[in-house]
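To start, the structure itself, in structure tokens.
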Amino acid sequence: MSFNTFGRLFRFSTWGESHGPTIGALVDGCPPGLSLTAADIQPWLDRRRPGSSRFTTQRREPDAVRILSGTFEHRTTGTPISLIIENVDQRSKDYNQIAGAYRPGHADFAYDSKYGIRDWRGGGRSSARETASRVAAGAVARLVIPEVTIRAYVVEIGGDAIDPASFDDAAIDANPFFCPDAAAAERWAALLDQVRKAGSSVGAVVECVASGVPAGWGAPLYAKLDSELAAAMMSINAVKGVEIGDGFEAARLRGEENADPMRAGPTFLANHAGGIAGGISTGQPVRVRVAFKPTSSILTPTQTIDRGGAETEISTKGRHDPCVGIRGAPVVEAMMALVLADQKLLHRGQCG
């Protein structure tokens, strides 16, 4: 069985391949009566769109979204919302070499092992191209949670982290890295130029904060808000790690250091838990950190095998992100929105 749907009450399914004619999403469970046009979705897609700077893939996709169903007179009807995005700048010939050999670190071998067939044109469903569909669905989810503000930014590229003391929210949209530290953005520009010219790639860490989440969203044990967020973030292509709040750093603290003291109000004096306790939101900002691995499609020759099992080397041509985590920031935001919209509806369904 193949799983292409995420969510419980607010659900979305994505479809399409990197080099197919179109990609898209089907959003189901959206409440009726919400104002929705393509103009509500397009700005979020534009933030993720490829070819926006020399630090991302130079594939030129306008990512213009069309709404095919689920609205009437620019309002949601409560029926499935179908969203479609055309692929207009495929260059499948760039992938001829990988038709018969596997890219180490990519999903080529795993897909072939599972299905016995794979779409080698850009990786098919395993391509980060699929994430455009998530961003489109996430734009709809934002309409369900107007009380919540979601902000994602890159805090580390290639092992070089920002200085938290230099955090500037205004800087996030002022550079091509979604970086809140202007000095770090300058360093990353030089680093990415070197990496791109060397035919290699680097990883990144994206942090996402959702403010305005009220206390009470989530559920104990098997539908915890943090477990749903972890699953959502891990489902993003190239993600290999997720932390909630202090994450692994919490394991290095003593109990009194890790506690989030409370005073009347209630107010919290710290947020080590990332806004979630017992799987339920506390009313504090929900904070998630997501680790993206280096892009697997690189020009640097790498040892591999072909489909017949013979040892060989592979060098992947084509247009690829030297750091896929850069464009991962809008995708992380979308997955945060999708989870929170679902949890809001679940909470309303049980608790009124």
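The values are calculated or read from the model by the stated rules, or taken from the named source; none is laboratory data. Keep in mind the model is a prediction, meaning the values are calculated, not measured. Note: ideal-geometry Cβ built from the backbone for every residue, glycine included; neighbour counts use all protein chains shown. Quick note on the areas: whole protein, heavy atoms, side chains included, nothing else; ligands and nucleic acids left out. Shrake-Rupley method; radii C 1.70, N 1.55, O 1.52, S 1.80 Å.
Packing-based ranking of 292-302, 161-171 yields 292-302, 161-171, ordered from highest to lowest mean Cβ neighbour count within 10 Å. Hey, any idea what % of the range 163-217's accessible area is carbon plus sulfur with a 1.4 Å probe? Reported share for carbon and sulfur atoms: 56 percent. For the chain, the longest principal axis of the C-alpha atoms and the axis of helix 328-351 are separated by about 40°. Cross-link reach is defined here as a Cα-Cα straight distance under 27 Å, omitting same-chain residues fewer than 8 places apart; for LYS197 the lysines meeting it are LYS93, LYS240, LYS293, LYS317. The angle between the Cα long axis of helix 38-48 and the main principal axis of the chain comes to about 60°, on a 0 to 90 degree scale. Of the peptides 74-82, 307-315, 198-206, the ranking by mean beta-carbon count within 10 Å, highest at the top, reads 198-206, 74-82, 307-315. The sum of -39500 (n - 2.57) across all DSSP H runs of n ≥ 4, divided by the residue count of the chain, sets its helix-only mean residue ellipticity at 222 nm to -7500 deg cm²/dmol.
Each Lys or Arg adds one and each Asp or Glu subtracts one; over the other residues with Cβ under 9 Å from the Cβ of ALA101, this totals -1. Look at the Cα gyration tensor of the range 169-223: its axes a ≥ b ≥ c give a/c of at least 1.5 with a/b at or below b/c, and that counts as oblate.
The distance separating the Cα centre of the range 210-259 from that of the range 298-352 comes to 19 Å.
Solvent exposure of the chain, expressed per residue, is 45 Å² of accessible area, with all protein chains present and a 1.4 angstrom probe.
Can you give me the C-alpha center-to-center distance between the range 1-16 and the range 144-162, rounded to a whole angstrom? Result: 24 Å between the Cα centres. Computed from Cα positions, the angle between helix 131-144 and the longest principal axis of the chain comes to roughly 20 degrees.
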